[in-house]
Amino acid sequence: LQVVVERYQQEKTLPPLTRTKFLVAQDLPLAQFAATLRTRLCLSSSQTFYLLVNNRGLPNMTVTMQELYQDNKDEDGFLYLTYASQEMFG
């Protein structure tokens, strides 16, 4: 699955990712993918970050990437995730 992970536009504390496009296994749980992102962002255990789907909702971390992709993929074939240091609603 093709996933694009972008930093929230108003994000101040989290660093940008060196690469934003990922090829992800279909059966990978979102929680596992989030752990990979945490490592790539070099976050300490005390730092939290949130993943948003299509800049809207906070997904359930137990879903597989396939389920998330099927429900939220863009017309261009990519799944877009945004990360932020705080929960962003609206």
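Does segment 25-45 include one or more residues that are assigned to a strand (DSSP E or B) and either open to solvent by less than 40 Å² (accessible area, probe 1.4 Å) or among the hydroxyl-bearing types (S, T, Y) (or both)?
Narrowing segment 25-45 to residues assigned to a strand (DSSP E or B): 29.
After this cut, where a residue has to be either open to solvent by less than 40 Å² (accessible area, probe 1.4 Å) or among the hydroxyl-bearing types (S, T, Y) (or both) as well, the list is none.
Scanning segment 25-45, I find no residue that is assigned to a strand (DSSP E or B) and either open to solvent by less than 40 Å² (accessible area, probe 1.4 Å) or among the hydroxyl-bearing types (S, T, Y) (or both), so the answer is no.
Out of curiosity, is V53 at pLDDT below 95 and of a type outside the set (S, T, Y)?
Details: at pLDDT below 95: yes; of a type outside the set (S, T, Y): yes.
Here the answer is yes, as V53 does meet what is asked.
The conditions are (1) open to solvent by less than 50 Å² (accessible area, probe 1.4 Å); (2) closer than 18 Å to T62 by Cβ; (3) in a loop (DSSP other than H, G, I, E, B), and P15 fails exactly one of them. Which is it?
Here P15 clears every test but (2).
Somewhere in segment 2-12, is a residue among the β-branched types (V, I, T), within 15 Å of S85 (Cα to Cα) and either modelled with pLDDT of 95 or more or crowded, with 16+ Cβ neighbours inside 10 Å (or both)?
Restricting attention to segment 2-12, the residues satisfying the condition of being among the β-branched types (V, I, T) are 3-5.
Narrowing further to those that are within 15 Å of S85 (Cα to Cα): 5.
Filter again for either modelled with pLDDT of 95 or more or crowded, with 16+ Cβ neighbours inside 10 Å (or both), leaving 5.
Yes - at least one qualifying residue is present in segment 2-12.
I'm told T82 meets every condition in (1) under 13 Å from V4 (Cα atoms); (2) in a loop (DSSP other than H, G, I, E, B); (3) touching a Lys or Arg at 6+ places or on another chain (Cβ under 8 Å) except one. Can you identify the failing condition by its number?
(2)
The values are calculated or read from the model by the stated rules, or taken from the named source; none is laboratory data. Note that the structure is predicted; figures quoted are calculated from it, not measured. Using ideal geometry, Cβ is built from the backbone for each residue, glycine included, and neighbour counts are taken over all protein chains shown. Keep in mind that these areas ignore ligands, DNA and RNA; they rest on the heavy atoms of the full protein, side chains included. Shrake-Rupley method; radii C 1.70, N 1.55, O 1.52, S 1.80 Å.
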